[in-house]
Amino acid sequence: MSSIWGKKLMTKEQESNTDEVKPEQGSLFELEFHEYTPSSLGTAHLSGFAIATDEMEYAVKSMRSTPPFPVQNPTQVPAAEWFCTNLAEKCGIATPVCKILKCIANGEYVFGSRIEFSAWKSGLNSPQWINLLSNASESLKKQLWAIYAFDQFVYNIDRHLNNYLYMENTRGNVIVKTFDFSLSSFVIGWPRNTPHILPTDSSTTTNWTIAKQFIGDTDDLRKCALSVLDKIEKIGVEAISDILNSMPEAWMPPMHKEYFLKWWDSEERIDRLNAIRLEITS
């Protein structure tokens, strides 16, 4: 049966257990929306905001979202967002709920990141960020180290102080959820056309160098980062295939999917992980 969703080759044993194969954040019925409100946040690759048929509001990114500078695969913003958000969740990194949304007006499928109303409503300026880091709880420190390791792996060049969602837990500690992978992974040409380690002048690396001065660099914190890499190493190609095949086919060319799955199942992925481990522990 043809559909917009990716096809998956299954063995007879897998076919007998198809009920167990489900997208991580999928649902039986797709969510729809009529139109989205254009964003006024100045984020070039954010199409806008939409209220879907579950009455929740989502930040929307489409294949027509425009990165702020030339990239290798600009139409793969939704694919990068979907893949990285689902992979982060598998690694125990907190993210907003993501959904695939369908625009009723034109039938377009877009990536939707559910708005977290418990998060702080305004972004942070540099002095506020430094103050937050200087007084960070152990929970926040561990989260930031884990996110840094993950960003290194998916080659996210644009992590900065305002693409974390800040909120307080019941203990009164500030914690974060990570979002915004529009300048990472497939969009940038990862993994084929990227080095193992992010460039030192990337937004991610520059901001991490500053953050680390305030939150510290201890064995326990490094272990949090290394734990994320260990989890990524243990994720099999079948789980990655599930993520890719749970998104619309138009989001990523079949040849790109095929190449990426071969890469995931190769020693090249382990080489990247080992290079990041060395960077974290050096």
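The values are calculated or read from the model by the stated rules, or taken from the named source; none is laboratory data. Note that the structure is predicted; figures quoted are calculated from it, not measured. No Cβ is skipped: glycine too gets one built from the backbone with ideal geometry, and neighbour counts run over all protein chains shown.
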message = Contact list please: Cβ distance under 8 Å, first residue in segment 221-240 and within 11 Å of residue 276 (Cβ to Cβ), second residue part of a loop (DSSP other than H, G, I, E, B) and of a type outside the set (Gly, Ala, Ser), pairs at least six apart or on different chains.
response = 228/91; 228/93; 232/91
Selection from segment 89-107 of residues that are over 28 Å from residue 224 (Cβ atoms) and surrounded by 15 or more Cβ atoms within 10 Å (Cβ to Cβ) = 99, 100, 101, 102, 103
remark   = Among residues of segment 105-155 being of a type in the set (Phe, Trp, Tyr) and part of a helix (DSSP H, G or I), the residue farthest from residue 197 (Cα to Cα) is 129
task = Would you check if there is a residue in segment 71-86 being outside the structural domain of residue 228 (by TED's automatic domain parsing), small (Gly, Ala, Ser), farther than 19 Å from residue 247 by Cβ and touching a Leu at 6+ places or on another chain (Cβ under 9 Å)?
result = no
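Is it the case, given these coordinates, that residue 130 is touching a helix residue (DSSP H, G or I) at 6+ places or on another chain (Cβ under 8 Å) and either among the polar types (S, T, N, Q) or farther than 28 Å from residue 247 by Cβ (or both)?
Details: touching a helix residue (DSSP H, G or I) at 6+ places or on another chain (Cβ under 8 Å): yes; either among the polar types (S, T, N, Q) or farther than 28 Å from residue 247 by Cβ (or both): yes.
Considered against the rule, which asks whether it is touching a helix residue (DSSP H, G or I) at 6+ places or on another chain (Cβ under 8 Å) and either among the polar types (S, T, N, Q) or farther than 28 Å from residue 247 by Cβ (or both), residue 130 comes out as yes.
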remark   = Filtering segment 29-47 down to residues that are at pLDDT below 85 and assigned to a strand (DSSP E or B) yields 38
message = Checking the condition loosely packed, with under 15 Cβ neighbours inside 10 Å and within 18 Å of residue 82 (Cα to Cα), which residue from 199, 254 passes?
response = 254
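Would it be correct to say that residue 214 is hydrophobic (A, V, I, L, M, F, W, C) and either more than 19 Å from the chain's Cα centre (by Cα) or at pLDDT below 95 (or both)?
Yes.
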query = Does residue 215 meet the test of being surrounded by fewer than 18 Cβ atoms within 10 Å (Cβ to Cβ), of a type in the set (A, V, I, L, M, F, W, C) and under 20 Å from residue 277 (Cα atoms)?
reply = no
Residue ID - surrounded by the most Cβ atoms within 10 Å (Cβ to Cβ), chosen from residues in segment 128-175 that are under 25 Å from residue 72 (Cα atoms), touching a residue at least 24 places away in the same chain (Cβ under 8 Å) and of a type in the set (S, T, N, Q) = 156
